[in-house]
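In what follows, a structure is listed as structure tokens, so that the remarks can point back to it.
The values are calculated or read from the model by the stated rules, or taken from the named source; none is laboratory data. Quick caveat, the model's predicted, so the values are computed rather than measured. Neighbour counts are summed over all protein chains in view; Cβ atoms, including those assigned to glycine, are modelled from backbone coordinates with ideal geometry. These accessible areas exclude ligands, DNA and RNA; they are computed on the full protein's heavy atoms, side chains included. Shrake-Rupley method; radii C 1.70, N 1.55, O 1.52, S 1.80 Å.
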Protein chains: 2
Amino acid sequence: MAEFVVGGAQMGPNQKADSRKMIVARMLALMEEAAGRGVELVVYPELALTTFFPRWYMENEAEVDAFFETEMPGPETAPLFERARELRMAISFGYAEKTPEGRHFNTSILTDRAGNIVGKYRKIHLPGHSEYDTERAFQHLEKRYFEPGDLGFPVWRNEGVIMGMAICNDRRWPETYRCLGLQGVELVMLGYNTPSVNSQMSAEGLKERLFHSELSMQAGAYQNSTYVVGIAKAGVEDGHPLMGGSIIVDPDGFVVARAESEEDELIVASCDFAKCAFGKSTIFDFARHRRIEHYQRITEQAGVIVEV
Amino acid sequence: MAEFVVGGAQMGPNQKADSRKMIVARMLALMEEAAGRGVELVVYPELALTTFFPRWYMENEAEVDAFFETEMPGPETAPLFERARELRMAISFGYAEKTPEGRHFNTSILTDRAGNIVGKYRKIHLPGHSEYDTERAFQHLEKRYFEPGDLGFPVWRNEGVIMGMAICNDRRWPETYRCLGLQGVELVMLGYNTPSVNSQMSAEGLKERLFHSELSMQAGAYQNSTYVVGIAKAGVEDGHPLMGGSIIVDPDGFVVARAESEEDELIVASCDFAKCAFGKSTIFDFARHRRIEHYQRITEQAGVIVEV
């Protein structure tokens, strides 16, 4: 399949008081709109089913677990899969996953157009911290509530297209795109919840933060000749502003669709996956140009080692 | 040292008929201008001493070797080092290097402010091809005339700042910046000669090509919390247009100085290296956030492996 109509379903805020049912209803409304615009795959944000709870420090396990799904689909999410199946629309969205073994991950799934889950990704680059931080304007406790993903960066051939997933902070790390690019990825789906304010530097403005988000996704797309769909949960959620800036980026690194609001908003682009081939076979023909013998530091050391 | 005034000496075209002496005289004029503006380190382009000769297919060894330096400094380049020493200015520039063993590299050097060579880098990501390509609008034979660099991506502490070098096509590869970033780099110096036209896709315009260049340098700077100084040789060289777009990028990824012409032109920025610390200790604190156990593909496979 050469052309494929991709939708990004940016979501406005999910308040803590909102039920899963209310939130799923909004996701279904976005899905209907997408169907009306010919969308064949729709991408929702990270933690689409809940508020961005890592902003709060919690010690009570039951309080934390209330934000997690123990099955997917479950009773509250089944309508998403059922309607997607009827509409012949593949979907991808993020949620907090609690496994039968009691492990916690920041997860996203991908379905085919028949409503079957064909892929799962667990966020690898967890930002923030694990204990209460008195120095921050607000908390960012992803390292407390989630384990780092244990599935690597897989890809799937879905509806003829090589697809991969990443979540939020993953998008700032070139390793994310490169691990996918080395598997021939043509479409990277990426949901995020990004505070509009830097909890450690209040002077950094929204404009700067949107720039960093877009820069990272554009570079990842260009340097791996892949489409990137980056979709936000946005707006003021339980008193905390999340930035929008959802975009679809083409394999040349250009933004081809962009959300204008911080609310539920669908963006759409017809993606021509034949466009991935030019970069992959010329300037970014990895086999001809990469020199892995000089890259050893990238996998041998996690942190900086200053030797001079 | 916290603040350091960095200059980028973009150069207009070097015609094949221009002598080294004429070219060095232009470099010296840029150095004088830099001194007048308080510059403490000036960065010149890739292959600063010659025309960009890989655009021509040559079989005669002597014809090729005429573009190479066998010593650095040599008689024609010594005045650069002497004047830099007098002005207490560190310099970096690129040239074609032929070693005593007869090996050929696309090289750049770095001096301290006393005019001593303290660093050498040999270009790792050679673009283009090694044999005459009838499909191209013009040739790009770097793989014919140079070996890939054999020095890795070293850094040096020079005048108190951790500095690294890269050359031209290296700037499009996130591995370049990451290998330097993992050594704590604070300033990446990067010269380039980039045709204004894609030899394999004439529809790609200058604007797109400038965007790709800038995008790559901005992402590399942001994702490694380092200054990047990217300096072009520009203008119509022996009938072939080279793009300009020289920039200095700060550790947040923002352009803080930019060349406006395709001629000899100095750009200047006062670099506050304390600004590198915030990113390196928060969002890009590699030791806390990188997950090298999931990056193995980056060093285990050069090319794409499609398994789905």
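Just a few scattered comments:
- Complete set of residues in the range B:70-103 that are among the acidic types (Asp, Glu) and open to solvent by 20 Å² or more (accessible area, probe 1.4 Å): B:Glu71, B:Glu76, B:Glu82, B:Glu86, B:Glu101
- Selected residue (criterion: farthest from A:Pro195 (Cα to Cα)) from residues of the range A:234-258 that are of a type in the set (A, V, I, L, M) and buried (at least 22 other Cβ atoms within 10 Å of the Cβ): A:Val249
- Check on B:Thr134, among the hydroxyl-bearing types (Ser, Thr, Tyr) and exposed (fewer than 15 other Cβ atoms within 10 Å of the Cβ): yes
A quick yes/no check of all residues on (1) within 20 Å of the chain's Cα centre (by Cα); (2) in a helix (DSSP H, G or I):
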| site | (1), (2) |
| --- | --- |
| A:Glu86 | no, yes |
| A:Glu97 | yes, no |
| A:Thr107 | yes, no |
| A:Val118 | yes, no |
| A:Leu126 | yes, no |
| A:Lys143 | yes, yes |
| A:Gly152 | yes, no |
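- Residue check, B:Pro45 in contact with a Lys or Arg (Cβ under 7 Å, 6 or more places away or on another chain) and surrounded by 14 or more Cβ atoms within 10 Å (Cβ to Cβ): yes
- Condition met for A:Gly115 (open to solvent by less than 10 Å² (accessible area, probe 1.4 Å), in contact (Cβ under 8 Å) with a residue 24 or more places away in the chain, more than 18 Å from A:Met11 (Cα to Cα) and touching a Leu at 6+ places or on another chain (Cβ under 6 Å)): no
- Total residues in the range A:171-190, condition open to solvent by 10 Å² or more (accessible area, probe 1.4 Å) and touching a residue at least 40 places away in the same chain (Cβ under 8 Å): 3
- Selection count, the range B:125-160, where residues are touching a strand residue (DSSP E or B) at 6+ places or on another chain (Cβ under 9 Å) and either more than 10 Å from chain A (Cβ to nearest Cβ) or under 24 Å from B:Glu204 (Cα atoms) (or both): 11
- Among all positions in the range A:217-232, there is no residue which is surrounded by fewer than 21 Cβ atoms within 10 Å (Cβ to Cβ) and outside any loop (DSSP other than H, G, I, E, B).
- Output for the range A:195-215, where each listed residue is touching a residue at least 40 places away in the same chain (Cβ under 8 Å) and more than 11 Å from every other protein chain (Cβ to nearest Cβ): A:Pro195, A:Ser196, A:Val197, A:Ser202
- Under the condition of being in contact with a Gly (Cβ under 7 Å, 6 or more places away or on another chain) and either facing chain B (nearest Cβ under 9 Å) or among the small types (Gly, Ala, Ser) (or both), the residues counted in the range A:109-124 number 1.
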